[in-house]
Amino acid sequence: MTSLFLRFLALFSLTLAVACDKAPPSPTQEQGGPALWQVERGALKGWLFGTIHVLPKDVAWDTPPIRDAMAKADRLVLEAADLQDEQKTLGIFEDMGRSPNLPPLEQRVPTKERPALLKAISDGGTSSQLLSGYESWAAAMLLSAASQQALHVSQDNGVEPVLIAAFKNAGKPIGGLETVERQFQAFDTLPPDAQSKLLVQTVNEAKGMKALYDRILAAWLKGDMEAIAKEDQIGEQPDPVVEEAILTARNRDWVKAIEPMTGRPFIAVGAGHLTGKDNLIDLLKDRGFTVTRVQ
């Protein structure tokens, strides 16, 4: 299992409602707080914050250093500013994710993987007939979202809604490093064999999703980026084609979006983009940015 789950949780959560009314007690804030960096180059003196897109209720993550950075920032920059528009996001997902005359979903994975896929479909409360109308990458997202229901988490409790509300209340602009279309396009342009591998891995990761999420959440609350990075080394590694398209290439695009920035932006992206090979921090340093951990 890898941190593919962490990196793409925002997209998964938006394709299916996963909020639950009866959530377990939320974890308490632990020493340190989530990781925060200052980013400087030329006329830019901003912040980079690693987020978790979906959370249980009442997680205390906005420490004094984070609140101070938000107050000093002149704008908020998210992965995609329009990602919070659920109706728009779902519309794009349906347009990109569906195609006519697709083979049954179970025929798109190796024979030995079909029993696990069918079990994941049943456990998720959906059907092969329904999912077969979607391309394999989209079906993988829907299956992952269904398996998240056991986590008792919601994007409504995530970091981004809090940030958006705070910056809106302060009358500060909100932008994005990319668009929702660009996020889904990264998946939609994957070749069929890579989509099949993503589907298989999604099924395999669903078995241990709660334990993985709990570990990542605990590490994130402590700002332990090394622990988050170690999740990359556990179990099956992602297909290189998938990783390049939906992680590395996007990180490179984000650097291009950040380079011309000036002023004091508060840049918030998923914490999984800030660890591992070709992570956003290393790419920024390569372009002459000074990136300093402040929490």
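Values quoted throughout were computed directly from the atomic coordinates according to the rules given, and no laboratory measurement underlies them. No experiment lies behind these values; they were computed from the predicted model shown. A quick note on method: Cβ atoms are made from the backbone with ideal geometry, for glycine too, and the neighbour counts reach across all protein chains shown.
Close contacts from segment 154-177, counting a first residue that is under 10 Å from residue 76 (Cα atoms) and a second that is β-branched (Val, Ile, Thr) and assigned to a helix (DSSP H, G or I), with Cβ to Cβ under 7 Å and a gap of 6+ residues or different chains, come to 174/164. Scanning segment 245-277 for residues that are over 17 Å from residue 79 (Cα atoms) and acidic (Asp, Glu) yields a total of 0. Checked against (1) touching a helix residue (DSSP H, G or I) at 6+ places or on another chain (Cβ under 9 Å); (2) surrounded by fewer than 20 Cβ atoms within 10 Å (Cβ to Cβ); (3) farther than 30 Å from residue 43 by Cβ, residue 222 passes all but condition (1). For segment 266-290, filtered to residues that are crowded, with 18+ Cβ neighbours inside 10 Å and either of a type in the set (Ser, Thr, Tyr) or over 20 Å from the mean Cα position of the chain (by Cα) (or both), the residue that is farthest from residue 39 (Cα to Cα) is 275. Only residues that are of a type in the set (Lys, Arg) and touching a residue at least 40 places away in the same chain (Cβ under 8 Å) were counted across segment 261-295, and they come to 3.
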